[in-house]
Amino acid sequence: MSVASETLIDAQRYVRGSNEFTTSIISLLRSIGRSLLRSPAFRSIHPIFQKIKHTSEPAGKVAIRYSPVWGNDSCPDHELTIISANLCHGWPNQENLLQRLESFAQLVEKQQANIILLQEVSRSSKFKVDDWLSNRLGMAYVYSRANGHQSIGFEEGVAIFSRFPIDAPYLKEFSNGLNPFVRRVALGAFVDTPIGRMPFFSVHLGITPHENAAQLINLHQWVHEITGSQPALIGGDFNAHETTPQIRYAQGKWVDIFRQIHPEKDAATHEIRWPWGGLLRRSRLDYIFLKAGEQNWQVLEAQLLDSPNVPHSDHRAVLTRIKPI
């Protein structure tokens, strides 16, 4: 029996055995609850309760396409090109969604990316971004919901796309339990690349400093548990500037690929502006980290990218090219 089960049983025993008055109150409340469930009024609002229930459900299910739509497993010179991007779901209006997605797809094609790590991948009752991108780019993918739910007509989550076969997904939800309707997640999967089977992780962390710091430490431990001595790539929207203690912690554990190539270059990936257009804040929120493992790597390139024609998001994409040596 698990500790959680034992704790629950102890709590139930305490309630039942506390005193006769408490027992009577609980019995009365249960009777009232059963009457309410049978009432016509409750039946009329039952769909609303169902939607609330579904939206508060933790992440846990994934959608996966194991093989690329188009057979393309080339990897010239054993180079891997990875792009990480927050697609900005834009709920509820989702302005210019198709145009933004097409612009992003063109960016992926131009850079000949092998692996894409995505955040804020949206699904509505009529359109699934993960499915559209998979068909548009011919890539395998795995997706997990983070927030919202199909039952309310909208949800968003994280995804990993690959030009190579993908399997063995792992999902980690970061939650303090205080708000059942807002959650942050990390999604991992193993990809059968031409240079070997490797794990990749797409990450979207919280915005409050204390919560964010705890999540990043938790993320590091979780990645280590899955990968052991294997190399891995971890990318995403970390929602923390590089001067914060938690990003310094990550840089001490993993290789910050952009900073390896550009120690002093401006690395801001996100801007917040006043309604009249003036700049309020510029931050570096998006990263790709390399867990080198027992393999030696050469970092060939690291860039921050904007999609052509139409911006794909309010975040810049992060690109890296690496190869084993």
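The values are calculated or read from the model by the stated rules, or taken from the named source; none is laboratory data. Bear in mind the structure is a predicted one, so any value in this text is a computation, not a measurement. Ideal geometry is used to build each Cβ from the backbone, glycine not excepted, and the neighbour counts take in all protein chains shown.
In the stretch 230-253, the residues that are in the same structural domain as P199 (by TED's automatic domain parsing) never reach a residue that is part of a loop (DSSP other than H, G, I, E, B) and of a type in the set (F, W, Y) with C-beta atoms less than 6 angstrom apart, at least six apart or across chains.
When the stretch 163-184 is filtered for residues that are surrounded by 24 or more Cβ atoms within 10 Å (Cβ to Cβ) and either closer than 21 Å to G293 by Cα or in contact with a Ser or Thr (Cβ under 7 Å, 6 or more places away or on another chain) (or both), only I166 remains.
Those strands (runs of 3 or more DSSP E) of the stretch 160-229 in which 2 or more residues are aromatic (F, W, Y) occupy 166-174, 196-204. From the list S84, S122, the lone residue that is touching a Gly at 6+ places or on another chain (Cβ under 6 Å), assigned to a strand (DSSP E or B), farther than 19 Å from V69 by Cβ and assigned by TED's automatic domain parsing to the domain that holds D237 is S84. Among the residues making up the stretch 52-85, those that are touching a helix residue (DSSP H, G or I) at 6+ places or on another chain (Cβ under 8 Å) and either at pLDDT 90 or above or closer than 30 Å to R316 by Cβ (or both) are A63, R65, V69, T81, I83, A85. Looking across the stretch 89-121, the residues that are under 20 Å from L187 (Cα atoms) and at pLDDT 95 or above come down to A113, N114, I115, I116, L117, L118, Q119, E120, V121. Residues that are under 18 Å from the mean Cα position of the chain (by Cα) and not in a helix (DSSP H, G or I): does the stretch 242-264 have at least one? Checking the stretch 242-264: not a single residue is under 18 Å from the mean Cα position of the chain (by Cα) and not in a helix (DSSP H, G or I).
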